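Heads up, the thing below is written out as structure tokens.
Values in this text are rule-based calculations from the coordinates and carry no lab data. Worth saying up front: this structure is predicted, and the values here are computed from it rather than measured. Positions of Cβ are generated from backbone atoms using ideal geometry, with glycine treated the same way; all protein chains shown enter the neighbour counts.
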Amino acid sequence: MIYKFSNWYRNINTFVSLSKTKAMNLNKCYFRYVESDDKIDISFLLKVKETVRQFNFSRKPTENIESLLTRMGNNIQKFVTKGNKKASNELKVVTVQIYDDKNNAISEQATCKDLFLLQSPVKLHIYDHIYEVVFNVPWVVSINLPQCILSGFPVHAENFVVQYADNRYNLYTWYKGISINDKGNEVSEAHIKWEKLGNEYIYIPTTKDIGMKLKLECTPGNDKTSGPTVGVISKNVVEAGPGTCPFEIRHMFTTTKLTNKRFRCVTYNILADLYCDSDYTRSVLHPYCPSYALHIDYRKQLILKELLGYNADIICLQEVDGKIFQSSLSPLLGSDGFEGKFYKKGKEVAEGLACFYRKDRYDLLDEEKILLSDEVKTRLSLQSIWNAIKDNSPLITRLLDRSTVASATILQSFENPNDVIIVGNTHLYFHPDADHIRLIQGGIIVYWLNEIRSNLIKQMPNKRISVILCGDFNSVPSCGIYQLYTTGSAPSSLLDWKSNADEAVHNLSLQQDLHLRSACGTPPFTNFTAGFADCLDYIFYDKSNLEVVQVVPLPSEEELRVHIALPSIVFPSDHIALISDFQFK
């Protein structure tokens, strides 16, 4: 039976845009089952005269074919007759039908989900146009390009999500085009003349691209087939970059990747957007930094280029926005061979820690995350700390209100299979009068890592277990954390315990037997703002099993002061990355 329809209209879901220049896209209708939402999404392109329109439908799997085709016909007729009274009078019906592989019309009582059981080829007829109906082919669920695109900085697909696809088989094509005509007026995207640029996942705009928009086309694929090509166009044009950034000078020390017994480790507080995007930040904390350079769309371009250029093997990051991890850090670093793990802070804080490692050099054996305020009360290895502080009500109230977490990413070296590394990462409480809180937090973390190490030694007696602890400790070298980690002891006589008189800690000494040393020593600055500058970030390493073979020099104070302080147009964070090369002894 062929169904006849009257005019009818409803809103449809927003889908990615199928490329209207690909012949394949014009001849296929795509059915896709979205299990998470228990729905079936349907997309196809329809050309009427010189106009190509994309139609999208989301239907329940149990909806019958009669209802589906009725809705499809109503939408199509609305499009065909819109704004054309003559066409409206002449065109009374739209014919839509689905046929099976024997050219029999599908029963009107069949459901949308029943279609997925049919043998190919299944055909959809709209007017005299015949589509091949394909089911669950590779599909781009979402894709977009950055708001800010800078000459000399890598661009990639953001918020890139695929279904039924394997990224190894995806195809990419980049284009550039002028969106302004000779009269200075904006040209519609359909009339931009596009020039092909390249076929890599990442494109690095050149100075010749400044003032132009970029377009990315992606054809998703897997080992059996490919899906429809989708296209996305940048909302803004390519802008000039800030010139040579100080981190590019540091890249001169990391031009090659390491192998065999050597590996490179980076720790970096990248300044979370939720602490940076506010009037208070722009007017009080960092008034010297142009507002555009504080925006995450600008800063992340610098962060990504900086991280890629270090050719690291292990990257520990702090103040990582969950969305930035998902949309930018993970896909871009993933394209360079990294696997990333995100460890969100406690409570409702939207940022946290991230650890990236090279998949071709390390096998992930395990991973753990602890919320310090929870673990201190319950973990057996921390009982001595809890017993010493549990009756100090003001201290406990403040300590347990913290969202601080620590992560442990346990990696086994492929090249040196007898070596296992526990990579710790953390970001301790920041307040100026909280040295005692930070020292307790530092003790919790090192006790916990030592517990993990002891358990691994029992589980793998033939392996060598080493520890690296990275992070922003918000603690200068003269404070107790540095002493605890590098000497093994933080006695009760330390001034840290009395940094807040109302919460002073008494009769608590910390001891630990990990043999740690600071890989980069104690540089004068790892954090450099107009209001504060000192060493807060460290890479502590197990000196019994590892040795430092290179520390990448930090920027000079003169470089840091060129734009008054950090962040700036060439420094994307208020912290400086620490980079060290290690070697197994």
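Here are a few things to note about the model shown:
- About its Cα centre, the dipole of the stretch 246-584 is roughly 700 debye, where the only charges are +1 on Lys and Arg Cβ and -1 on Asp and Glu Cβ.
- Straight-distance candidates among the lysines for linking to Lys78, with alpha-carbon spacing under 28 Å and chain neighbours fewer than 8 residues away dropped: Lys4, Lys20, Lys22, Lys28, Lys39, Lys47, Lys49, Lys60, Lys86, Lys92, Lys113, Lys123.
- Dipole-positive endmost among Ile396, Leu353, Gln97 within the chain (Cβ charges, Cα centre): Gln97
- Cβ-derived FRET efficiency at R0 45 Å, Ser384 paired with Val284, nearest 0.05: 0.60
- Here the translational diffusion coefficient of the chain follows from Stokes-Einstein with Rh set to the Kirkwood radius across Cα pairs; for 25 °C and 0.890 mPa s it amounts to 90 µm²/s.
- The slack between Ala350 and Gln97, meaning 0.36 nm per residue of separation minus the straight C-alpha distance, is 86.2 nm.
- Residues of type lysines that Lys359 reaches as a straight line, Cα spacing below 17 Å, ignoring anything fewer than 8 places off in the same chain: Lys257, Lys261, Lys341
- Environment charge of Asn425, counting only residues whose C-beta is closer than 10 Å and scoring Lys/Arg +1, Asp/Glu -1: +1
- From most to least packed by mean Cβ count within 10 Å, the peptides 168-175, 404-411 give 404-411, 168-175.
- Pair Val549, Leu117: separation of 7 Å Cα→Cβ label points (nm): 6.2
- Label-to-label distance, Arg561 versus Val476, with points set 7 angstrom from Cα along the beta-carbon direction: 1.8 nm.
- Based on Cα contacts under 8 Å between residues 6+ apart, the chain shows a relative contact order of 11 percent.
- Here Ser580, Ser475, Ser493, Ser454 are placed in order of increasing Cβ neighbour count within 10 Å, fewest first, which gives Ser493, Ser454, Ser580, Ser475.
- Residues His286, His191 arranged by fewest to most Cβ contacts within 10 Å: His191, His286
- FRET efficiency for Thr62 and Lys257, using Cβ-Cβ distance with R0 set to 51 Å, rounded to 0.05: 0.45
- Per-residue ellipticity at 222 nm computed for the chain from its helices equals -5500 deg cm²/dmol, with DSSP H segments shorter than 4 residues left out and the rest contributing -39,500 (n - 2.57).
- Selection from Pro228, Gly177, Thr426, by position along the positive dipole direction of the chain (Cβ): Pro228
- About the Cα centre, charge dipole magnitude for the chain (Lys/Arg +1, Asp/Glu -1 at Cβ), debye: 2020
- Those Cys residues of the chain for which no other cysteine Cβ falls under 4.7 Å: Cys29, Cys112, Cys148, Cys218, Cys245, Cys265, Cys276, Cys289, Cys355, Cys479, Cys520, Cys535
- Here each label is just a point 7 Å from Cα along the line to Cβ, and for Lys196 and Gln583 those points are 4.8 nm apart.
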